[in-house]
Amino acid sequence: MIALQLAISGIATGSVYALIALGIVLIYKCSGVVNFAQGAYAMLGAYVTYALLKLGLPALLAVLFGMALMALAGMATERLILRRMLKAQIVSVMMVTLGLLIFFRAFCLAIWGPDQIAFPQVFPSGSIDFAGIFITYNYLAAFALATTLSVAFLLFYRHTSIGLMQRCAADNPRAALAIGIHVSNQVSIAWAASAALAGLGGALLATLGGLSLNISDIGLIAFPVIVVGGLESLAGALIAGFLLGMLEAFTEGMLSPAIEEFLRGFTTIQSVGALQQVIPYGLLVLMLLVRPQGIFGRAGTERV
């Protein structure tokens, strides 16, 4: 019974991880850049949604406007900052995204302060009884919304003309230019979609655990997700997100208590700390050792 409860909560959290990781994979496919600012967009999206809710907007409109504003922020980032670095090395561009993370975190700190804020009720309060397990509407709605949007995004990316142009620009930019696809515009669209997904993911995380600057850490958690799933695999990010969420939940709910009980019996150690925060990076190291391209990634060769 406890295992089922942990699995449900892990799947709900993992669906949000997957939603945010999709944006990282999308940008990597289009530009070859790992966007370390994805967690910042999630945090900023959560704070913007909170501000809109405080202004009296209905929950649905607040979330949609928050996503739209984050899409504009992502597009502005690409056009005003990253487009000027087209000839820079990839490492330099990645450092800029890390700088954006620090800037947005400082921006939110200056406006909303360092304390955790109770996020307004977005979903109905209460829970449902499923096989003797109580599932709150927050977790149920977060899972349904994140999963539905993730699958819809995958279908859109695969079966629409915009998705086709995105894939063409990502796979072979020169060929895309030759057939009339504006690659720079496709990169802007990718940044806008990525930031919008992150903004929604941040708002969902705020509904589950409160609003704080720590939401920006989700970008670092999403990084192991995309490595495990495959840096260029959108479907891999979705599946790896669920896997990582469940692994964290079982670690926190079962593995950590079992290890602590064992240690207390033979040592003076009372706690193993937040072991669930270490698990993603342990899985990342294991994946890099066993299958560097990820579960759904493709091994390739490169001439040097």
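See the values below:
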| read-out | value |
| --- | --- |
| Top-ranked residue of the stretch 256-293 - restricted to ones that are aromatic (Phe, Trp, Tyr) and surrounded by 11 or more Cβ atoms within 10 Å (Cβ to Cβ), ranked as nearest to Leu231 (Cα to Cα) | Tyr281 |
| Single condition Ala142 does not satisfy, out of (1) within 19 Å of Val16 (Cβ to Cβ); (2) outside any helix (DSSP H, G or I) | (2) |
| Residue, farthest from Thr49 (Cα to Cα), within the stretch 62-101, restricted to residues that are surrounded by 12 or more Cβ atoms within 10 Å (Cβ to Cβ) and without any contact (Cβ under 8 Å) to a residue 12 or more places away in the chain | Ala88 |
| Sole exception among (1) closer than 29 Å to Phe134 by Cα; (2) assigned to a loop (DSSP other than H, G, I, E, B) for Leu4, by number | (2) |
| Lone qualifier among Asp115, Asp129 - being of a type in the set (Asp, Glu) and within 21 Å of Ser216 (Cα to Cα) | Asp115 |
| Enumeration of residues in the stretch 120-151 that are among the polar types (S, T, N, Q) and within 16 Å of Gly202 (Cβ to Cβ) | Asn138, Ser150 |
| Residue among Leu57, Leu44 that alone is without any contact (Cβ under 8 Å) to a residue 12 or more places away in the chain and of a type in the set (A, V, I, L, M, F, W, C) | Leu57 |
| Single residue of the stretch 129-168 satisfying the filter (touching a residue at least 60 places away in the same chain (Cβ under 8 Å) and β-branched (Val, Ile, Thr)) that is surrounded by the most Cβ atoms within 10 Å (Cβ to Cβ) | Thr147 |
| Failed condition for Ile24, given (1) buried (at least 24 other Cβ atoms within 10 Å of the Cβ); (2) closer than 23 Å to Phe119 by Cα | (2) |
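Read-outs: derived from the displayed coordinates by stated rules, not from any lab. Note that the structure is predicted; figures quoted are calculated from it, not measured. Glycine gets a Cβ as well: all are built from the backbone with ideal geometry, and neighbour counts include every protein chain shown.
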